[in-house]
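The values are calculated or read from the model by the stated rules, or taken from the named source; none is laboratory data. Bear in mind the structure is a predicted one, so any value in this text is a computation, not a measurement. Glycine also receives a Cβ, built like all others from the backbone with ideal geometry; neighbour counts cover every protein chain displayed. Side chains included, ligands, DNA and RNA excluded: accessible areas come from the protein's heavy atoms. Shrake-Rupley method; radii C 1.70, N 1.55, O 1.52, S 1.80 Å.
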Amino acid sequence: MYPERRMRRLRRRRLLPLFAEHHLRPDQLIAPLFVDEGADAPVPIPSMPGHVRHSLGSITIATQQLFDSGIRAVLLFGVPLIKDAEASSAFDDTGVVQSAVRRIRESVPDMVVCTDVCACEYTDTGQCGIVGTSADGSLELQNDPSLVLMQRIAVSHARAGADIVAPSCMLDGMVGAIRAALDDAGHQETLIMAYSSKFASALYGPFRDAASSGCTSGDRTTYQINPANGREAFVESALDAAEGADVLMVKPAGPYLDVIARVRHLDLPVAAYQVSGEYAMIRAAAERGWLDERAAALESLVAIRRAGADLIITYFAQDMARWLAEGA
Ligand code: PBG
Ligand code: ZN
């Protein structure tokens, strides 16, 4: 027929699966999990329906369930009992994340355990590291003292058995400093998944409720990237690659597909973090009957894959694994 008929020929219903350019599989998804030192049982998170802050007891059960549904990696966030200026419970070998890692490694040994390396859940300011007075008299995140803190946190996670540490503080020199500290401590095999393109996004709101990690004063705009800056995100990612990152992350995901496509060219594995706000928007609209949750979630994740992400960190991980098994 006419050549212009070709496009719809490719879309004949029975042939559709044959020509799908991208597929979603559960083993491409990483499930974020919260573990709360003060919880004896799972505590629901109001702004993230379907998600809870786990206790040390329930985290292993949840991890086993994820594994059974086909998910092969989790990313742990800790909610400590004590916050202070030095974030001291963040690098405590008996801290909540370290304990959770040990339990998971023991009870679900084939699950890949990633840990978020940051201080905002552990500082009394809610800032991502050590705060001090800058030249103009304002309080600011201090780069180099915070690097030492991140080295301690990462090494304590690796010592507990984390497979992958994921530093998310956006300090200069973060990846190089952590790589050196891990190597010095004998953890050459621990990977670094760097939050390289982490934007100062409004979409982290539900997470900050979940992890009670909001800033008590100020914001994160002096270290997270301005959402207007794609070129800067690429440079930041290239620096992290040069410093020895094993995986580069883009966060948030959906509104930053151009950044994912760009970072793809650095030829390292790319992970995209579909953040709490992206999840909450779909969930909330679905609860009102305004969106088909399963279809919207699937479309959002396939689009992130199409842009070039190898891995997706998503709060839909468990549901999506089930939907895919049902033939979504
Ligand atoms: C810690 C961290 C944050 C997220 C992941 N790691 C919060 C932040 O930077 O405020 C956000 C994740 C989400 O919104 O799902 N720095
Ligand atoms: Zn932080």
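So the values come out like this:
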{"read-out": "Qualifying residue in region 96-118 (condition: open to solvent by less than 50 Å² (accessible area, probe 1.4 Å), farther than 19 Å from Asp163 by Cβ and within 16 Å of ligand 2 (Cβ to nearest atom))", "value": "no"}
{"read-out": "Considering residues of region 167-189 that are assigned to a loop (DSSP other than H, G, I, E, B) and touching a strand residue (DSSP E or B) at 6+ places or on another chain (Cβ under 6 Å) only, the residue nearest to Glu278 (Cα to Cα)", "value": "Ser168"}
{"read-out": "Given (1) in contact with a Gly (Cβ under 9 Å, 6 or more places away or on another chain); (2) more than 23 Å from Arg305 (Cα to Cα); (3) open to solvent by 90 Å² or more (accessible area, probe 1.4 Å), index of the condition Pro46 fails", "value": "(1)"}
{"read-out": "Residue among Phe316, Phe234 that alone is surrounded by 20 or more Cβ atoms within 10 Å (Cβ to Cβ) and either more than 15 Å from the chain's Cα centre (by Cα) or over 30 Å from Thr133 (Cβ atoms) (or both)", "value": "Phe316"}
{"read-out": "Residue within region 152-163 that is part of a helix (DSSP H, G or I), touching a residue at least 60 places away in the same chain (Cβ under 8 Å) and β-branched (Val, Ile, Thr) present", "value": "yes"}
{"read-out": "Failed condition for Leu16, given (1) open to solvent by 50 Å² or more (accessible area, probe 1.4 Å); (2) in contact with a Leu (Cβ under 7 Å, 6 or more places away or on another chain); (3) not aromatic (Phe, Trp, Tyr)", "value": "(2)"}
{"read-out": "Qualifying position, being under 29 Å from Leu268 (Cα atoms) and either within 20 Å of the chain's Cα centre (by Cα) or away from ligand 1 (no atom under 13 Å from the Cβ) (or both), among Asp183, Asp93", "value": "Asp183"}
{"read-out": "Candidates Leu239, Leu257, Leu291, filtered to the one that is modelled with pLDDT of 95 or more, surrounded by fewer than 19 Cβ atoms within 10 Å (Cβ to Cβ), in contact with an Asp or Glu (Cβ under 9 Å, 6 or more places away or on another chain) and hydrophobic (A, V, I, L, M, F, W, C)", "value": "Leu239"}
{"read-out": "Residue in region 89-96 that is part of a loop (DSSP other than H, G, I, E, B), without any contact (Cβ under 8 Å) to a residue 12 or more places away in the chain and closer than 18 Å to Asp36 by Cβ present", "value": "yes"}
{"read-out": "Residue tally, condition aliphatic (A, V, I, L, M), within 14 Å of ligand 2 (Cβ to nearest atom) and either open to solvent by 50 Å² or more (accessible area, probe 1.4 Å) or not in a loop (DSSP other than H, G, I, E, B) (or both), over region 119-146", "value": "2"}
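Here is a yes/no grid of residues against (1) within 12 Å of ligand 1 (Cβ to nearest atom); (2) at pLDDT 95 or above; (3) open to solvent by 20 Å² or more (accessible area, probe 1.4 Å):
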{"residue": "Tyr195", "(1), (2), (3)": "yes, yes, no"}
{"residue": "Gly205", "(1), (2), (3)": "yes, no, yes"}
{"residue": "Ala210", "(1), (2), (3)": "yes, no, no"}
{"residue": "Gly214", "(1), (2), (3)": "yes, no, yes"}
{"residue": "Asn226", "(1), (2), (3)": "no, yes, yes"}
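The rows are residues; the columns are (1) away from ligand 2 (no atom under 14 Å from the Cβ); (2) modelled with pLDDT of 95 or more; (3) touching a Leu at 6+ places or on another chain (Cβ under 9 Å).
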residue	(1), (2), (3)
Ile153	no, yes, no
Ala162	yes, yes, yes
Pro167	no, yes, no
Met174	no, yes, yes
Arg179	yes, yes, no
